[in-house]
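The values are calculated or read from the model by the stated rules, or taken from the named source; none is laboratory data. Since the structure is predicted, the reported quantities are computational estimates derived from the model, not experimental observations. Counting neighbours? That spans all protein chains shown, and the Cβs are built from the backbone with ideal geometry, glycine included.
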Amino acid sequence: MNGPRTGVPYIAGTGTALPGDPVTNESLARLLGAGARWIEDFTGNRARHFATDLDTGACSLTLTDLCEQAADAALADARVDPGEIGFVVLGTATPDHLMPATVNLVADRLGIGQVPTYQLQSGCAGAVQALDTACRLLRDPDATDDDLTGLVIGGDICNKHFALNQDFSRLHPNQLVNYMLFGDGAAAAVLSRRPRGHAVAVRRVFQRFVGLGRPPGQVIEWFGAAERDAGRPAATEDYKAIEEYVPRLAEEIVRELADDTGWKLDELDYLLPPQLSGRMTRRIVEELAVPAHEVSCVAVTGNNGNALPLLQLDRLMPLMREGERALCAAVESSKWIKGGLALEKVRGGADAV
C-alpha cells in the first residue's frame with residue numbers, strides 16, 4: 001500500500017444485513033390489532049425487519065448469521081481479505097448466548113483467527129463504542145503493523161425479547177409500542193490505518209457515560225431458567241424521559257464535535273442524527289436546524305439497536321466526495337450514553353490499495 005501511516009483511522013468499507021422482507025405497518029397492524037396509520041403517526045416508522053416469522057413466531061436467523069452477512073459485505077466493499085483483519089469488535093445488546101461470545105462465533109465463520117476480539121454489551125451507542133475501541137487500537141503507537149486493519153460490527157435481534165405468538169390486546173401500550181419501534185439487523189465497517197477503499201477519515205470519535213444519578217430510560221431483562229416465570233416484562237421504557245433527554249443529548253454531541261474539530265455547522269455536508277424512531281429523528285433534526293443533508297434509516301429499518309449508526313455509515317459512504325464532512329450522533333437511553341463521530345472524505349482511497 002502506498003504512503004506513510006497518518007495516525008488517523010479510516011473507514012475503508014461498510015456493509016449491512018437486514019433479515020427478510022420489510023414488515024410494513026399494514027402487516028404489523030393485522031398482527032397487533034392496531035391501525036397502520038396510528039402506528040406510523042405514533043412512531044414515525046413505516047417498516048422494520050424481523051428475524052422472526054410473523055405467522056409462526058419462529059426465529060429464522062441468529063445474530064451470528066446477520067453479523068456474518070454484514071461483515072462479508074463490508075470486507076467486499078473495502079476489498080479486504082479476512083486474513084488481513086487484525087482485530088474484531090462487536091457491539092450488541094442481544095448476543096446469541098451469554099457464552100460463547102457472539103463475536104467469536106462470527107470470527108470463526110469468517111475464518112479470522114489468532115487476533116484479539118472484543119464484545120461490548122450496550123444499546124444504540126454501542127456501535128460508537130465499538131468504533132472508538134477500533135480507533136484506539138489503530139492509533140496504538142506500540143502496534144508495529146502499519147497496515148493494521150480492523151473489523152467493527154454492530155447488530156441486534158431485538159425481537160427475541162418480544163414474543164409474536166400472544167394476545168396483544170392484553171399488553172400495556174408501553175409494551176405494545178416495542179413491536180412497532182424495534183427491528184432486527186446488523187451492519188459492519190472495515191477500518192484501516194491508511195486511506196483505502198472509501199478513505200473516510202475519523203477525525204474525532206468519543207463516547208461517554210452521562211447517566212450519573214439518572215434512572216435508566218430502558219431496561220431489557222435477561223431471564224435464566226429460574227426466572228422465566230417471574231412475571232416481569234422483557235423490556236420496559238421510560239418514554240417521557242427518552243423524549244426529554246435524547247434531543248438535548250443530541251445537541252450536546254453535535255456542538256461538541258463541531259467545537260473539537262473547528263467545523264462550522266452551517267458548512268457541514270451531512271448529519272447523521274440519533275435513530276430511536278422516525279418521529280424522534282424528525283424532532284431532533286428540526287431542533288438542531290443544521291443545514292446539512294440528513295442521513296437516516298430508522299423509518300424503514302426499525303430501531304435495530306447497535307446496527308443503526310453503522311447502517312447510517314453504509315448509506316453515507318457512497319454519497320461523500322473528497323473534502324466533504326459529516327457528523328454522527330448516537331444516544332443510548334438505557335443508562336444514558338452519548339457518542340459521536342466526525343468524518344471527512346480524503347484523497348487516496350481505492351487507488352491507494
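Looking at Leu276, is it in contact with a Cys (Cβ under 9 Å, 6 or more places away or on another chain), under 27 Å from Glu324 (Cβ atoms) and at pLDDT below 95? Show your work before the answer.
Working: in contact with a Cys (Cβ under 9 Å, 6 or more places away or on another chain): yes; under 27 Å from Glu324 (Cβ atoms): yes; at pLDDT below 95: yes.
So Leu276 passes the test.
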Quick check on my filter: what residues within the range 252-268 are under 21 Å from the mean Cα position of the chain (by Cα) and either β-branched (Val, Ile, Thr) or part of a loop (DSSP other than H, G, I, E, B) (or both)?
Ile253, Val254
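Would you check if Leu249 is buried (at least 18 other Cβ atoms within 10 Å of the Cβ) and either among the aromatic types (Phe, Trp, Tyr) or not in a loop (DSSP other than H, G, I, E, B) (or both)? Outline the logic, then answer.
Values: buried (at least 18 other Cβ atoms within 10 Å of the Cβ): yes; either among the aromatic types (Phe, Trp, Tyr) or not in a loop (DSSP other than H, G, I, E, B) (or both): yes.
Answer is yes for this residue.
Only one residue in Glu40, Glu84 is assigned by TED's automatic domain parsing to the domain that holds Gly111 and at pLDDT 95 or above. Which one?
Values: Glu40 fails: at pLDDT 95 or above.
Result of the check over Glu40, Glu84: Glu84.
Considering only strands (runs of 3 or more DSSP E) fully contained in the range 109-204, which possess at least 1 residues that are of a type in the set (Asp, Glu)? Please lay out each step first, then the result.
Values: elements: 117-121, 149-157, 184-192.
Strands (runs of 3 or more DSSP E) meeting the threshold: 149-157, 184-192.
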Residues of the range 14-57 satisfying the condition of being assigned to a helix (DSSP H, G or I) and under 14 Å from Thr301 (Cα atoms)
Asn25, Leu28, Glu40, Thr43
Residue among Pro116, Pro95, Pro141 that is without any contact (Cβ under 8 Å) to a residue 60 or more places away in the chain, in the same structural domain as Ala186 (by TED's automatic domain parsing) and closer than 30 Å to Gly183 by Cβ:
Pro95
Give all pairs with beta carbons closer than 7 Å in which a residue from the range 289-301 that is surrounded by fewer than 20 Cβ atoms within 10 Å (Cβ to Cβ) meets a residue that is in a loop (DSSP other than H, G, I, E, B) and among the basic types (Lys, Arg); count only pairs at least 6 apart in sequence or on separate chains.
Ala299/Arg46; Val300/Arg46
Which condition number does Leu105 fail, the rest of (1) exposed (fewer than 14 other Cβ atoms within 10 Å of the Cβ); (2) of a type in the set (A, V, I, L, M); (3) in contact with an Asp or Glu (Cβ under 8 Å, 6 or more places away or on another chain) being met?
(1)
